[in-house]
1. All but one of (1) surrounded by 16 or more Cβ atoms within 10 Å (Cβ to Cβ); (2) in contact (Cβ under 8 Å) with a residue 24 or more places away in the chain hold for V34; which doesn't?
2. Which pairs do you get when a residue that is free of Cβ contacts under 8 Å to residues at least 12 places away in the same chain, found in the stretch 114-133, comes within reach of a residue that is in a helix (DSSP H, G or I) and surrounded by 24 or more Cβ atoms within 10 Å (Cβ to Cβ), reach meaning Cβ atoms under 9 angstrom, with the pair 6+ apart or on two chains?
3. Going through Q74, Q36, Q70 one at a time, which residue ends up being in contact with an Asp or Glu (Cβ under 8 Å, 6 or more places away or on another chain) and either at pLDDT 95 or above or of a type outside the set (K, R) (or both)?
4. Out of A58, A63, I need the residue that is crowded, with 18+ Cβ neighbours inside 10 Å, part of a strand (DSSP E or B), of a type outside the set (V, I, T) and at pLDDT 95 or above. Which one?
5. So which residues in the stretch 122-154 are within 12 Å of the chain's Cα centre (by Cα) and not hydrophobic (A, V, I, L, M, F, W, C)?
6. Please determine, by comparing only the residues of the stretch 39-48 that are buried (at least 20 other Cβ atoms within 10 Å of the Cβ) and not in a strand (DSSP E or B), which one is modelled with the lowest pLDDT.
7. Check the stretch 71-94 and report whether any residue there is closer than 23 Å to Q143 by Cα and crowded, with 23+ Cβ neighbours inside 10 Å.
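The values are calculated or read from the model by the stated rules, or taken from the named source; none is laboratory data. Note that the structure is a prediction, hence the values are computed from the model and not measured. So basically every Cβ, Gly included, is an ideal-geometry build from the backbone, and we count neighbours across all protein chains shown.
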Amino acid sequence: MKNQSFIGLGSNLGNRQANCRAALDRLGCLAGTVLQRVSTVVESEPQEGVEGGPFLNAVAEIATSLSPRQLLGQLRVIEVALGRAPDHLPGTARTMDLDLLLYGDAVIREADLTIPHPRMTERWFVLAPLVTLDPELRHPVLQVTMVSLLQRLDPEAPRVSPGRMR
């Protein structure tokens, strides 16, 4: 059985658009995984003290038979293959950042795996792309739609650019 999952992509180092395209290509090649849709692309300023210039951000919707832990492991492999150091320090610029945002309706709270992503509700650069894919998608813990979460951050939301990655 395949689970609907959403992956956040971000790049603020090197050719950001090429980095995101390469990550999407690799996501689509994962065993037991189909890349279904890709959101509108947004540009955002670095958050939480991260170095470097603006990020390009998008969200990919996939259907996967990988477990959440297997999927997370594969996301780390893709990040490293695209130039992110395995021992990447928090706050430094990155060629690729892949976050497992949602995995079906799963709620997982483990030391190294939290689903839904713990900070997704605070980040317009995650919520705005999610809204372009499925505005009525519900957060599995809060039971609130993505568009409602985005409007809490910005009453005039969604603010998205017209570009798409694919």
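1. (1)
2. Sorted first by the residue in the stretch 114-133, then by its partner, the pairs are R119/V126.
3. On the way: Q74 fails: in contact with an Asp or Glu (Cβ under 8 Å, 6 or more places away or on another chain); Q70 fails: in contact with an Asp or Glu (Cβ under 8 Å, 6 or more places away or on another chain).
Answer to the check: Q36.
4. Numbers: A63 fails: crowded, with 18+ Cβ neighbours inside 10 Å.
Unique residue meeting the criteria: A58.
5. R123, P129
6. V41
7. Within the stretch 71-94, the subset closer than 23 Å to Q143 by Cα is none.
Checked against the condition, which is being closer than 23 Å to Q143 by Cα and crowded, with 23+ Cβ neighbours inside 10 Å, the stretch 71-94 yields no hits at all.
Conditions tested, residue by residue: (1) out of contact with any Gly (no Cβ under 9 Å at 6 or more places or on another chain); (2) within 22 Å of L13 (Cα to Cα); (3) basic (K, R).
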residue	(1), (2), (3)
L56	no, yes, no
E61	yes, no, no
S65	no, no, no
R69	yes, no, yes
P86	yes, yes, no
G91	no, yes, no
D99	no, yes, no
G104	yes, no, no
